[in-house]
C-alpha cells in the first residue's frame with residue numbers, strides 16, 4: 001500500500017491520512033463556532049442540535065476504536081457528557097483523534113481494522129454533510145478549511 005508522510009513526519013497509509021484530515025475538519029468546524037451555536041437545530045424539520053451531532057461523532061469514534069481493538073462491533077457508547085459545552089466538545093474531539101491515530105500507528109492493519117476504519121471515515125464525512133446543512137440553516141459561517149475542502 002502507498003504510504004504518505006503524516007503528523008510529525010510519521011509514515012501513514014492514505015486511509016489513515018484521510019481519517020485524520022476528516023477529524024481535523026470536524027475539529028475546525030466546532031472550534032470556529034460560537035458556543036451558543038451548539039444548541040441550534042434545523043428549524044421546521046426533525047433535528048437534533050449541533051452539539052448532539054458532536055455527541056454522535058465522538059461516540060462513533062470511541063465505539064469504532066473499541067470495535068477495532070476487539071475485532072467486532074460492541075455497540076455504541078459515548079463519554080461526551082456536555083455536548084453543548086464547546087470546551088468539552090473540543091477536548092473529546094482531540095482525545096478521540098489522538099487515541100485513534102495512536103492505535104492505527106501501532107497496529108498491524110488487518111481486514112477487520114481496515115473495514116472499521118473505513119466505516120468510521122464514512123460516518124465522519126456523513127456528519128460533515130449534516131453540519132453543512134446546519135450551517136446553512138442557521139446562517140453560520142464556516143472555517144477556512146471547510147471553504148477549501150467543500151467550497152461552502
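Taken together, the values in this text are just the output of simple stated rules run on the coordinates, not laboratory data. Only a predicted model underlies this, so the values are computations on that prediction, with no experimental measurement involved. With ideal geometry, Cβ positions are generated from the backbone for all residues, glycine too; neighbour counts draw on all protein chains shown.
Based on C-alpha pairs under 8 angstrom that are at least 6 apart in sequence, region 15-150 has a relative contact order of 35 percent. Between the alpha-carbon centres of region 76-143 and region 28-53 there is a gap of 15 Å.
The modelled label-to-label distance between residue 24 and residue 98, using points 7 Å beyond Cα along the C-beta direction, is 1.7 nm. Each of 30, 150 was scored by other Cβ atoms within 10 Å of its Cβ. Listed from fewest to most, they are 150, 30.
Taking other C-beta atoms within 10 angstrom as a stand-in for reagent exposure, 41, 87, 97, 92 fall in the order 87, 41, 97, 92, fewest first. The structure shown yields P(r) over Cα pairs in 5 Å bins from 0, in percent, and of the options (i) 2, 10, 20, 24, 24, 13, 5, 2, 0, 0; (ii) 2, 9, 19, 22, 20, 14, 9, 4, 1, 0; (iii) 2, 9, 17, 18, 15, 14, 12, 8, 5, 2, 0 that calculated value carries the label (ii).
If you rank 16, 147, 128 by fewest surrounding Cβ atoms within 10 Å, what's the result? Working shown, then result.
Numbers: 16 22, 147 11, 128 17.
The fewest-first ordering by Cβ neighbours comes to 147, 128, 16.
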